[in-house]
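Trainee: Mind looking over this structure? Questions follow.
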Amino acid sequence: MPNVADTHIVNRERVQPTHANNYESAHGGIVMKWMDEIGAMSAMRAAEESCVTAQMSRVDFERPIPIGDTARVESWAYATGRTSVRVRIEVAAENPRTGETEQTTSAYATFVAVENGTPVPVPELTVKGEKCRKLRDRALAEEPDRE
């Protein structure tokens, strides 16, 4: 069975002028694309199947990522349903010269495991060890109300 730590992914994208808006920072749509892609990778590790985005909520843009900085995109699965995987996604601006980071964007997403376009069951996500517990608790601490 997959565990939370198995789904933890960190990726980086250098913000180029082609990624920018009129304010010389990363366009929000580009940042969301990166978040969706990395979030899906975490979901697929948890589901052990291909996954599609079902919803994204609480997308909070706290500050811009300037051209030349690196967008550090981090995601992990923290809970599963019958066919779904809930994922926390966080983005930080990272100075490529110093490695200093500053939180810029965050979201929660739900992905559904599919095979030939049909939802399929996912395994239970386990919490083994301190890293798993910290990641899961970090995600649950700010998770939007679920109905």
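The values are calculated or read from the model by the stated rules, or taken from the named source; none is laboratory data. What you see is a predicted model, and the numbers here were worked out from it, not measured in a lab. So basically every Cβ, Gly included, is an ideal-geometry build from the backbone, and we count neighbours across all protein chains shown. SASA here: full protein model, heavy atoms, side chains in, ligands and nucleic acids out. Shrake-Rupley method; radii C 1.70, N 1.55, O 1.52, S 1.80 Å.
Trainee: DSSP loop chymotrypsin sites (Phe, Trp or Tyr not before Pro) in segment 1-92 with at most 14 other Cβ atoms within 10 Å of their Cβ, which ones?
Mentor: Counting only loop positions with at most 14 other Cβ atoms within 10 Å, the chymotrypsin sites (Phe, Trp or Tyr not before Pro) in segment 1-92 are Tyr23.
Trainee: If you roll a 1.4 Å probe over the heavy atoms of the protein chains, what accessible area per residue do you get for segment 1-131, in Å²?
Mentor: Per-residue value: 50 Å².
Trainee: Given q = 0.16, 0.22, 0.25 Å⁻¹, what are the Debye log10 I(q)/I(0) values for segment 30-88, with equal point scatterers placed on the Cα positions and solvent ignored?
Mentor: Result of the Debye calculation: -0.53, -0.88, -1.07.
Trainee: Right, next: Hey, any idea what Rg/Rh is for segment 92-133, computing Rh the Kirkwood way over Cα pairs?
Mentor: For segment 92-133, the value is 1.19.
Trainee: What number, in percent, do you get for the relative contact order of the chain if the mean sequence gap of Cα pairs under 8 Å and at least 6 apart is divided by its residue count? Numbers along the way, then the final one.
Mentor: On the way: 340 pairs, mean separation 43.9, N = 147.
Dividing the mean separation by the residue count of the chain yields 30 percent.
Trainee: Full extension from Asp60 to Asp137: what is 0.36 nm times the residue separation minus their Cα-Cα distance, to one decimal in nm? Intermediate results must be reported in sequence, preceding the final value.
Mentor: Details: separation 77, 0.36 × 77 = 27.72 nm, distance 1.92 nm.
Extra length from Asp60 to Asp137 when fully extended: 25.8 nm.
Trainee: Relative contact order of segment 1-73: what whole-number percent is it, with Cα pairs under 8 angstrom and at least 6 residues apart?
Mentor: 51 percent
Trainee: Please report the equivalent ellipsoid semi-axes of segment 14-53, computed as sqrt(5 x eigenvalue) of the Cα gyration tensor, largest first, in whole Å.
Mentor: Equivalent ellipsoid of segment 14-53: 28, 8, 6 Å, largest first.
Trainee: When the accessible area of segment 24-108 is computed with all protein chains present and a 1.4 Å probe, what percentage of it is carbon and sulfur? Could you put the intermediate results ahead of the total?
Mentor: Numbers: 1730 of 3720 Å².
Solvent-exposed carbon and sulfur of segment 24-108 make up 46 percent of the total.
Trainee: Further question: Quick one: angle between helix 129-142 and the longest Cα principal axis of the chain, in degrees between 0 and 90, rounded to 10, please.
Mentor: 70 degrees
Trainee: For the chain, with only Lys/Arg (+1) and Asp/Glu (-1) charged at the beta-carbon, what is the dipole magnitude about the Cα centre, in debye rounded to 20? Kindly include the intermediate steps, with their values, before the conclusion.
Mentor: Values: 18 positive and 23 negative charges, 54 e Å.
In total the dipole reaches around 260 debye.
Trainee: Report the FRET efficiency, 1/(1 + (r/R0)^6), for Glu124 and Thr98, where r is their Cβ-Cβ distance and R0 is 30 Å, rounded to 0.05.
Mentor: About 0.15, to the nearest 0.05.
Trainee: Thinking of the chain as a set of Cα atoms, what percent of all their pairs are more than 21 Å apart?
Mentor: Details: 4618 of 10731 pairs.
Across the chain, Cα pairs with separations above 21 Å total 43 percent.
Trainee: Which ³J(HN,Hα) values, rounded to whole Hz and listed in residue order, are derived for segment 106-121 from phi using the Karplus coefficients 6.51, -1.76 and 1.60 in 6.51 cos²θ - 1.76 cosθ + 1.60 with θ = phi - 60°, glycine and proline given as x?
Mentor: For segment 106-121, the Karplus-derived couplings read 8, 6, 10, 9, 10, 10, 10, 6, 9, 9, 6, x, 10, x, 10, x Hz, x marking Gly and Pro.
Trainee: Also: Toward the positive end of the charge dipole of the chain, about the Cα centre and with charges on Cβ (Lys, Arg +1; Asp, Glu -1), which of Ile30, Pro121, Val52 goes farthest?
Mentor: The Cα lying farthest towards the positive end belongs to Pro121.
Trainee: Quick one: which residues, 5+ away or cross-chain, put their amide H under 5 Å from the amide H of Ile65? H built at 1.01 Å from N.
Mentor: Under 5 Å from the amide H of Ile65 lie the amide H atoms of Ala26, each far enough along the sequence or on another chain.
Trainee: Then there is this: How much space per residue, in cubic angstrom, does the convex hull of the C-alpha atoms of segment 61-128 take up?
Mentor: Roughly 129 Å³ of hull volume per residue.
Trainee: Where does helix 28-47 land angle-wise versus the long Cα axis of the chain, in degrees 0 to 90, nearest 10?
Mentor: The helix 28-47 is inclined about 30 degrees to the chain.
Trainee: Counting each DSSP H run of 4 or more residues in the chain as -39500 (n - 2.57), what helix-only mean residue ellipticity at 222 nm follows after dividing by all residues, to the nearest 500 deg cm²/dmol?
Mentor: So the calculated ellipticity at 222 nm is -8000 deg cm²/dmol.
Trainee: Which cross-chain or sequence-distant (5 or more) residues have an amide H under 5 Å from the amide H of Thr80, H modelled 1.01 Å from N in plane?
Mentor: For Thr80, the qualifying residues are Arg86, Leu125.
Trainee: Between exposed trypsin sites (Lys or Arg not before Pro) in the chain, where DSSP calls loop and at most 15 other Cβ atoms lie within 10 Å, what's the longest gap?
Mentor: 1-81
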